[in-house]
Amino acid sequence: MKKLLLILFLLPLAVIGQSLNYDTTFADGAGSNWKASVHLPSDYYTTNKLYKLIMFIPGTGEIGGGYAALDTYGPLAYIDGGWGGGVTLGNGTHYPILIALEPRTDYEVSGTRTATVVNAIVNRYKIQSGCVYATGMSAGGFAWKVMVTFDSPDTSPPYGPFTHADKVAAIADIQGVIPDAPNTDWYTRVKNFAHNQYSGQYFGIWDTGDAERGIGRFKDSMNAAVSGSGRIVITSVGHTATAWNNAYGSSGGSAPINYTIDGVSQTVYQWLLRQGDTTFATDGAGSIAANAGTDYAVTYNQEGLARTFTLTGSQTGGTSPTYSWAALSGNPVSTTITSSSSATTTVTGATNPGYYGYELTVTEGADTDKDTVYVQIRDLMQRGLLPCRSGPGVRHYIGGTLITGKVTTTEIYVPYITRDNVFPGLMGGDTIVVLKNPNNDTGYWKWVFMGDFSGQRSCPITVVPDTSGSTVVSSGPGGSRGWYLGNGDSATIAFVKFDGGAWYSRTGIRHGFAADNGQYPYDSSDATVYTLNTGAVLNLGHDVEFTGWRFRNSNYMFQVKKNSDSTNQFATYDNYRFRNIYIHHNYGYMLGSEGMYLGHTAWDGIGQAGNNGRTIMMDSLRVEKNVIKKAGKDGIQIANQKTPALIFDNTIDQSGYRNASSHRWSVFIGGNATGSIYRNSIVNARGAAGTLGMGTVYFYENIIDSVGEGGNTEPAIYANKSVWTGNFDSLKFRMYGNLITRVLKTGNNSFVQVDNLAGLMGKGKIYNNTFVSATKTLISQMVVTNASDTVENNTILSSLDISTHPLAAMDSYRVYQLVRSLPDGTPVSFYDLVNRRQFGGKKHPYRGRKFNFKYK
């Protein structure tokens with residue numbers, strides 16, 4: 001059996017060599033692929049042995065952290081620490097297969113998903129009968145207990161056969177949570193595990209300083225079913241890393257400790273292997289050895305067409321063997337083996353990305369042997385990329401002519417531009433012009449839905465407004481629509497620039513795209529009757545740029561997020577690259593919710609409607625030179641960013657005006673996110689700026705003026721690494737060069753509050769800031785840190801004319817001065833600032849400098 005290595009993107013074919021340590025995935029039968037870190041014994045490929053198997057699921061802090069997190073604790077961590085994988089019993093040293101698994105979510109409540117993954121593992125590897133073992137810590141122990149209690153109660157002989165309870169011979173449960181969900185009668189279903197085909201055995205560890213977590217009850221229920229099948233050890237090291245390392249060993253090389261179990265001093269690994277067949281086994285004494293070939297991967301054509309690939313097998317030890325190929329159960333779709341009895345055969349009909357497994361049986365006389373091979377079809381999710389045009393770009397127009405089912409008198413609905421051939425001949429480097437609505441006096445549309453069109457990195461497609469005026473969406477009373485871009489099941493947008501400022505140098509139209517319900521009165525009760533649900537939403541896109549947009553009385557300006565939906569193969573975690581989003585030179589006024597909602601705020605995805613799996617992480621996000629005035633909730637909210645997000649040179653005025661609890665942030669980098677916030681002007685805010693993120697978050701050279709508008713008493717800056725963010729990466733907060741003045745809060749944490757509620761923050765630094773307060777004279781009266789941050793070289797002033805401070809020269813503050821000098825709601829852009837500079841402070845509306853924004 002061969003193994004799968006990491007595959008570089010954009011390779012048409014990657015041949016995968018043999019490896020004893022590698023990463024792979026296993027499908028759970030419900031649309032999710034569980035990550036797996038695999039360690040095989042050193043002789044796995046050179047002998048006919050059958051091997052014992054230990055499967056490990058980590059706790060909630062590692063689930064969601066990807067392959068690297070699977071090696072943080074447990075057997076694979078100890079392997080990294082130098083352990084060779086040997087477990088010594090009375091008859092010698094055994095070398096089991098070790099696999100660490102990342103479920104689709106922590107606290108996996110579907111025993112069927114877990115059992116399906118176990119089946120896939122047992123089918124893929126050479127496993128000794130009755131020697132399949134499970135162990136896990138915290139949420140990992142929970143998952144195993146859910147699996148073995150997922151069958152309906154079977155309380156009297158003859159017991160079984162079971163679908164879930166007989167998947168493993170034994171469980172070592174390290175402080176696993178009680179499996180109250182989904183079956184509250186699990187203590188009855190425990191009998192199924194105790195009576196399974198291997199006479200299931202259970203061992204649990206819990207701590208005197210921690211809640212019992214159901215381990216004692218599980219042990220008692222096991223023993224009530226079969227005397228002596230459950231046992232428990234009580235420790236005193238807490239629900240901590242020490243507990244995990246004591247049980248499994250550590251990446252630092254420390255060995256697992258011995259516990260007295262069944263009267264014997266032994267490690268967790270020794271106890272597990274003693275619960276099954278302790279002999280050494282082979283897969284038969286015949287002379288035939290089958291070789292199904294090396295696992296490999298091919299790229300997916302991304303249009304749903306069948307992929308054809310070749311299987312090549314061989315054998316050793318025979319003279320005239322016969323061959324037989326068969327597809328393994330659980331393949332993404334059914335395929336056809338064109339010649340199942342040949343050494344080399346072709347497989348057709350593979351239409352979905354995923355892992356396709358095939359078993360080769362080689363026979364000669366009474367001798368037989370089997371081997372499996374896997375072919376991965378890798379979906380890179382760069383759908384519908386159009387080639388670059390060799391000559392000048394061509395303009396394509398939408399909105400001027402009715403198209404049945406696509407362009408009506410009120411809506412533009414073209415979610416599949418490429419596949420429906422909406423613009424014949426569209427190529428990279430072309431321009432799409434979205435016209436004003438010719439069917440009414442306002443020229444407004446009620447909805448614009450565009451998707452499935454992509455240029456290339458070297459020649460993006462540009463979408464621009466009508467030259468006669470802005471292209472506007474306004475739904476009117478009772479409406480809830482806006483601009484939907486790259487939305488739907490597979491309507492990807494890539495390498496596209498939505499350029500609302502394209503005509504500025506020729507026409508003076510500063511914001512050529514708009515979602516504007518300002519013609520209707522704002523509903524002061526905050527109901528959304530008169531408010532557009534979303535200004536512009538991007539759901540399925542990468543390498544997308546937005547510039548020159550304005551929003552008024554919409555619920556958001558921009559909402560950029562991706563639902564994780566296991567029923568859609570193009571919307572699953574790590575199958576989609578949500579990257580390179582650039583948002584700049586836009587204006588928003590009187591927004592019902594967040595100004596910009598960029599990335600999911602539930603780290604596991606399932607906390608928000610439309611999601612049932614891990615949130616897709618974004619990367620390479622850039623937000624600059626935007627103006628937000630009166631955001632009902634957070635001004636700019638960032639979450640789930642795996643590379644640093646850059647938020648700079650923005651103007652945010654009156655964020656959080658709806659005064660919703662926990663939604664008064666002005667600018668913040670939230671859960672599972674990292675990045676930098678700098679050179680922004682944040683004024684008249686009802687709440688703080690700061691971070692709940694991970695890694696090192698920088699906050700520097702910002703002006704924060706008037707915090708606590710509306711009577712709130714919140715600090716100007718707040719930082720905390722909370723457990724709910726779904727990982728245990730540390731957070732370090734570095735804050736310098738900021739100007740903070742007029743803070744309403746009076747406590748000692750008025751200007752900066754660094755909480756460390758989960759103990760996950762590293763030492764940061766707060767330095768070279770200027771704090772202005774009429775009453776406070778000591779830094780200890782302004783800054784409180786619970787993360788041992790260095791606090792030094794900060795200046796405290798009793799008063800300050802901001803215009804005399806060096807940061808007043810920032811473009812973001814100059815734009816704020818422009819905003820407040822004009823009537824409320826007047827659209828203002830950084831374009832205006834540049835024009836005033838260029839023409840001696842006088843606005844020149846028709847001859848502004850031409851901008852040419854590029855991907856960075």
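The values are calculated or read from the model by the stated rules, or taken from the named source; none is laboratory data. For clarity, every value in this text was computed on a predicted model and none was experimentally measured. Don't worry about glycine lacking a Cβ; one is built from the backbone with ideal geometry, like all the others, and counts go over all protein chains shown. Heavy atoms of the whole protein, side chains included, go into the accessibility calculation; ligands, DNA and RNA do not. Shrake-Rupley method; radii C 1.70, N 1.55, O 1.52, S 1.80 Å.
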Check your understanding: What residue, among those in segment 176-202 that are at pLDDT 90 or above and touching a helix residue (DSSP H, G or I) at 6+ places or on another chain (Cβ under 6 Å), is surrounded by the fewest Cβ atoms within 10 Å (Cβ to Cβ)?
Key -> Ala194
Revision key, fill the gap. Scanning segment 67-79 residue by residue, the ones that are surrounded by fewer than 22 Cβ atoms within 10 Å (Cβ to Cβ) and farther than 22 Å from Tyr51 by Cα total 4
Review point. Could we say that Lys625 is at pLDDT 95 or above, in contact with a helix residue (DSSP H, G or I) (Cβ under 8 Å, 6 or more places away or on another chain) and under 23 Å from Val544 (Cβ atoms) here?
Key: yes
Practice item. List the number of the failed condition for Arg734; all other conditions in (1) in a loop (DSSP other than H, G, I, E, B); (2) open to solvent by 10 Å² or more (accessible area, probe 1.4 Å) hold. Key: (1)
Check your understanding: So which residues in segment 580-614 are of a type in the set (A, V, I, L, M, F, W, C), surrounded by fewer than 23 Cβ atoms within 10 Å (Cβ to Cβ) and in contact with a strand residue (DSSP E or B) (Cβ under 8 Å, 6 or more places away or on another chain), if there are any at all?
Key -> Met590
Exercise for review: With the condition kept exactly as written, say whether any residue in segment 150-160 is open to solvent by 10 Å² or more (accessible area, probe 1.4 Å), closer than 27 Å to Tyr51 by Cα, at pLDDT below 90 and not in a helix (DSSP H, G or I).
Suggested key: yes
Exercise for review: Check off (1) of a type outside the set (Gly, Ala, Ser); (2) open to solvent by 10 Å² or more (accessible area, probe 1.4 Å); (3) free of Cβ contacts under 8 Å to residues at least 60 places away in the same chain for Arg679 and give me the number that stays unchecked.
Suggested key: (3)
Revision key, fill the gap. Requiring at least 1 residues that are more than 30 Å from Ser32 (Cβ to Cβ), of a type in the set (Phe, Trp, Tyr) and open to solvent by less than 60 Å² (accessible area, probe 1.4 Å), the strands (runs of 3 or more DSSP E) wholly within segment 288-377 are 322-327
Check your understanding: Looking at segment 80-117, which of its residues are closer than 16 Å to Trp34 by Cβ, open to solvent by less than 30 Å² (accessible area, probe 1.4 Å) and in a loop (DSSP other than H, G, I, E, B)?
Key -> Pro103, Thr105, Asp106, Glu108, Ser110
Review point. Quick one: in segment 250-273, which of the residues that are at pLDDT 95 or above and either touching an Asp or Glu at 6+ places or on another chain (Cβ under 9 Å) or crowded, with 22+ Cβ neighbours inside 10 Å (or both) is nearest to Ile127 (Cα to Cα)?
Key: Leu273
Exercise for review: Among the candidates Tyr202, Tyr248, Tyr198, single out the residue that is more than 37 Å from the chain's Cα centre (by Cα), within 22 Å of Phe56 (Cα to Cα) and not small (Gly, Ala, Ser).
Suggested key: Tyr198
Practice item. Hey, could you check segment 445-455 for residues that are in a loop (DSSP other than H, G, I, E, B) and in contact (Cβ under 8 Å) with a residue 40 or more places away in the chain and say which is nearest to Gly400 (Cα to Cα)? Key: Gly451
Review point. Out of Arg814, Arg742, Arg820, which single residue is open to solvent by 20 Å² or more (accessible area, probe 1.4 Å), in a strand (DSSP E or B) and under 24 Å from Lys629 (Cβ atoms)?
Key: Arg742
Practice item. Starting from residues that are among the hydrophobic types (A, V, I, L, M, F, W, C) and without any contact (Cβ under 8 Å) to a residue 40 or more places away in the chain, keep the ones in segment 781-796 and report whichever is farthest from Asn702 (Cα to Cα). Key: Val784
Check your understanding: When Gly64 is evaluated against the numbered criteria (1) in contact with a strand residue (DSSP E or B) (Cβ under 8 Å, 6 or more places away or on another chain); (2) surrounded by 15 or more Cβ atoms within 10 Å (Cβ to Cβ); (3) modelled with pLDDT of 85 or more; (4) not aliphatic (A, V, I, L, M), which criterion, by number, is the only one it fails?
Key -> (3)
Study note, to complete from the structure: Scanning segment 746-755 for residues that are part of a loop (DSSP other than H, G, I, E, B) and open to solvent by less than 40 Å² (accessible area, probe 1.4 Å) gives Gly747, Asn749, Ser750, Phe751, Asp755
Check your understanding: Going by the structure shown, is Gly130 open to solvent by less than 30 Å² (accessible area, probe 1.4 Å), among the small types (Gly, Ala, Ser), in contact (Cβ under 8 Å) with a residue 40 or more places away in the chain and in contact with a His (Cβ under 7 Å, 6 or more places away or on another chain)?
Key -> no
Check your understanding: Within the group Ile432, Ile412, Ile417, which residue is touching a strand residue (DSSP E or B) at 6+ places or on another chain (Cβ under 8 Å), in a strand (DSSP E or B) and under 20 Å from Asp543 (Cβ atoms)?
Key -> Ile432
Review point. Which one of these does Ser329 not meet: (1) touching a residue at least 12 places away in the same chain (Cβ under 8 Å); (2) of a type in the set (Ser, Thr, Tyr); (3) farther than 27 Å from Lys49 by Cβ?
Key: (3)
Revision key, fill the gap. Within segment 682-722, residues surrounded by 24 or more Cβ atoms within 10 Å (Cβ to Cβ), in a strand (DSSP E or B), in contact with a Gly (Cβ under 9 Å, 6 or more places away or on another chain) and of a type in the set (Gly, Ala, Ser) come out as Ala685, Ala689, Ala719
